[in-house]
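The values are calculated or read from the model by the stated rules, or taken from the named source; none is laboratory data. A quick note: this is a predicted structure, and the numbers were derived from the prediction, not measured. Methodologically, a virtual Cβ is constructed for each residue, glycine included, from the backbone with ideal geometry; neighbour enumeration extends over all protein chains shown. SASA here: full protein model, heavy atoms, side chains in, ligands and nucleic acids out. Shrake-Rupley method; radii C 1.70, N 1.55, O 1.52, S 1.80 Å.
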Amino acid sequence: MLLCLSSSPAPFANARASQLVRSVCKQTQEQFGYNYRQCVKSLWKDIPIRSATNLKDLDKAVLKLAAANAAQTKATFEKALNATDKNANGTTAIKQCVDSYDFALGAFVFAVRGVNDGDKSVTEILTQAQDDLVRCQRALASVEVPLPMPVSTTNFWVMLYRDVAFLVTSQLFNI
């Protein structure tokens, strides 16, 4: 029976998601309102997350995924900033997002080291990263800025991964 489950094809990945990932996504749904299936599906795609057997490993894997997505989003905003007339409406908003994602990227990298070292200030850094990401969202909402569609998608993923990491870090350090 176990052999049959472990050799199931990829479409059943959500059914095979670890209890750890399912539990964290359930809590993320309850605390932050995210879609449970979407959370499980997005986390389960990442091999280091699949390999995580405890909160610490899961936390580091989610933080690395958040950092990778933040780096990609920051690069998109930098391209948009370089392609925009410096006096154009929206330049300030795009610059805010470059700064916000720069801070978030550094926060996620710091948080990986902090989790390794047992540094409880990681939750504070993750809260500051969230505040900066919200600043970006508000800046974009305040003006019409033509950005590629993937930016809103990666914004969503970065926030999801930040929220999952915050939840896991809080549990890891009993905060």
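May I ask you to rank LYS79, LYS64 by accessible area, largest first, using a 1.4 Å probe over the protein chains only? Provide the component values of the computation, followed by the final result.
On the way: LYS79 150, LYS64 120 Å².
If we order LYS79, LYS64 from most to least accessible, we get LYS79, LYS64.
Send over a whole-number figure in Å² for the accessible area per residue of the chain, probe 1.4 Å. Spell out each step's value before the answer.
Working: 9360 Å² over 175 residues.
For the chain, the per-residue accessible area is 54 Å².
What number comes out for the charge environment of GLY33, summing +1 per Lys or Arg and -1 per Asp or Glu over other residues with Cβ under 13 Å away?
On the way: positive: LYS26; negative: GLU30, ASP163.
With Lys, Arg at +1 and Asp, Glu at -1, the net is -1.
With each label point set 7 Å from Cα along the Cα-Cβ vector, what nm distance links LYS26 and THR92?
4.7
Please give me the summed charge of the neighbours of PHE108: other residues whose Cβ is under 9 Å from its Cβ, Lys and Arg +1, Asp and Glu -1. Walk me through the numbers before you get to the answer.
Values: positive: LYS64, ARG162; negative: none.
Charge balance near PHE108 sits at +2.
Of LEU65, LEU160, which has the most accessible area and how do the rest follow, probe 1.4 Å?
Ranked from most to least accessible, the order is LEU65, LEU160.
Leaving out ligands, DNA and RNA but keeping every protein chain, what accessible area does ARG16 have, in Å² rounded to the nearest 10, with a 1.4 Å probe?
80
Please report how many Lys pairs in the stretch 54-125 have alpha carbons closer than 23 angstrom, counting only residues at least 8 apart along the chain or sitting on separate chains.
11
Could you rank ASP59, ASP131, ASP85 by how accessible they are, 1.4 Å probe, largest area first?
So the residues, ranked largest to smallest area, are ASP85, ASP131, ASP59.
Add +1 for every Lys or Arg and -1 for every Asp or Glu among the other residues with Cβ under 14 Å from the Cβ of PHE156, and state the total. Don't skip to the end; give the middle numbers.
Details: positive: LYS41, ARG162; negative: ASP163.
Charge balance near PHE156 sits at +1.
Helix-only estimate, please: 222 nm mean residue ellipticity of the chain, summing -39500 (n - 2.57) across DSSP H runs of length 4 or more and dividing by its residues, to the nearest 500.
On the way: 9 runs with 137 residues, N = 175.
Roughly -25500 deg cm²/dmol at 222 nm, from the helical runs in the chain.
Of all accessible surface on the stretch 55-173 at a 1.4 Å probe, what whole percent is carbon and sulfur? Provide the component values of the computation, followed by the final result.
Working: 2910 of 5460 Å².
C and S atoms contribute 53 percent here.
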